[in-house]
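One structure below.
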């Protein structure tokens, strides 16, 4: 079976980076958008959290229950909130469910379902965790662009850069 | 030792995603900025490629050398990155060379058991050099996200942005 050690470690680091970012955003930051119809910061973070359950609903619906409990049954792809505590809860629930689904499918050798033929990590279920890590990073980059565009000070943007320390000190609990 | 199969597969896919994004950009889009002092699209892409050589220079200098021109020195007197003044069209080549050097460094340090150097105490993947590859993937994605925001602000339509989103399928194969 594929060794998941590094992928699981990276996924845990990604969760710490998300927490780091959310902990530094103000209510005003959460409402920033590009003014051209793009998602607000809060909506991007909501989308990041709910996307775990959104994909699980497609590929392994038995693991989407915790996400649906938080959306109140609403389609995860439409769910959003401006409450940082709820966003954190959604990310946590989604992360746990994603790990459980990947471990179950990796152990059984059963690929994820792909009812709409969009590609669901059929070569290796564990790539779902990498996908979520990379997907989050893309949206975090967009959030930085939105904050800069909204006039966030260079000092605050520099503070956000400290999140990169987490990736360089993978097993060190004292990094931010 | 931890097996790298999954990580190496992800690293290869990341390279394909970078190539796909760069190929989709128009010549004009390389110059886009947010108009507020942020980087141009081209600078984001150069920074992604430069990330590899920059960290290798600190952590495993021998493995940075294929990426450097010893006959040309930068302002600090260090050898210049081979692509420092190259046109944007050479960025896929710069990224590919950086990927190869990063892989070689990770494989060599894992094989020898010698951790990466950390001359500035910044934390250089002491638990496993392979985390450098994951950091590179995440760092690239962070900057690709910014590039996508810039070209959206630069006037790409929602339909054109949706078409670009098709690159995510590379990760789902």
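The values are calculated or read from the model by the stated rules, or taken from the named source; none is laboratory data. Being a predicted model, the structure only gives us computed values, none of them experimental. Cβ sites come from the backbone with ideal geometry, for glycine too, and all protein chains shown count toward neighbours.
Taking residue B:51 and the conditions (1) in contact with a helix residue (DSSP H, G or I) (Cβ under 6 Å, 6 or more places away or on another chain); (2) buried (at least 17 other Cβ atoms within 10 Å of the Cβ); (3) more than 9 Å from chain A (Cβ to nearest Cβ); (4) over 29 Å from residue A:44 (Cβ atoms), which numbered condition does it fall short on, given that it satisfies the others?
(4)
Consider segment A:3-31. How many of its residues are outside any helix (DSSP H, G or I) and either surrounded by fewer than 15 Cβ atoms within 10 Å (Cβ to Cβ) or at pLDDT 95 or above (or both)? Quick ask: steps written out before the conclusion?
Taking segment A:3-31 and keeping what is outside any helix (DSSP H, G or I), we get A:3-4, A:24-26, A:31.
If we keep only those that are either surrounded by fewer than 15 Cβ atoms within 10 Å (Cβ to Cβ) or at pLDDT 95 or above (or both) as well, we get A:24-26, A:31.
The number of residues fulfilling the criteria is 4.
With in contact with a helix residue (DSSP H, G or I) (Cβ under 9 Å, 6 or more places away or on another chain) and at the interface with chain B (Cβ under 7 Å from one of its Cβ atoms) as the only criterion, which of A:124, A:92 stands out? Step through it out loud before you land on a result.
Details: A:92 fails: at the interface with chain B (Cβ under 7 Å from one of its Cβ atoms).
After applying the criteria, what remains is A:124.
Please report, ordered by residue number, the helices (runs of 4 or more DSSP H) entirely within segment B:90-173 with at least 3 residues that are within 11 Å of chain A (Cβ to nearest Cβ), within 14 Å of the chain's Cα centre (by Cα) and more than 18 Å from residue B:13 (Cβ to Cβ). Talk me through it step by step, then tell me what you get.
Details: elements: B:91-112, B:131-153, B:158-164, B:169-172.
It comes to none.
Please find, among A:106, A:101, the residue that is within 26 Å of residue B:137 (Cα to Cα) and under 16 Å from the mean Cα position of the chain (by Cα). Spell out how you get there, then give the answer.
Working: A:106 fails: under 16 Å from the mean Cα position of the chain (by Cα).
On inspection, the qualifying residue turns out to be A:101.
Looking at (1) farther than 26 Å from residue B:111 by Cβ; (2) touching a residue at least 40 places away in the same chain (Cβ under 8 Å); (3) not in a helix (DSSP H, G or I), which one does residue B:86 not meet, given that it meets all the others?
Residue B:86 satisfies every listed condition except (2).
Please go through segment A:127-155 and give me each residue that is more than 7 Å from chain B (Cβ to nearest Cβ) and within 17 Å of residue A:13 (Cβ to Cβ), ordered by number.
Residues satisfying the conditions are A:128, A:129, A:132, A:135, A:136.
Which residue pairs have Cβ atoms closer than 9 Å, lie 6 or more positions apart in sequence or on different chains, and pair a first residue in segment A:153-176 that is under 14 Å from residue A:24 (Cα atoms) with a second residue that is at pLDDT below 70?
The qualifying pairs are A:162/A:175; A:162/A:176; A:163/A:176.
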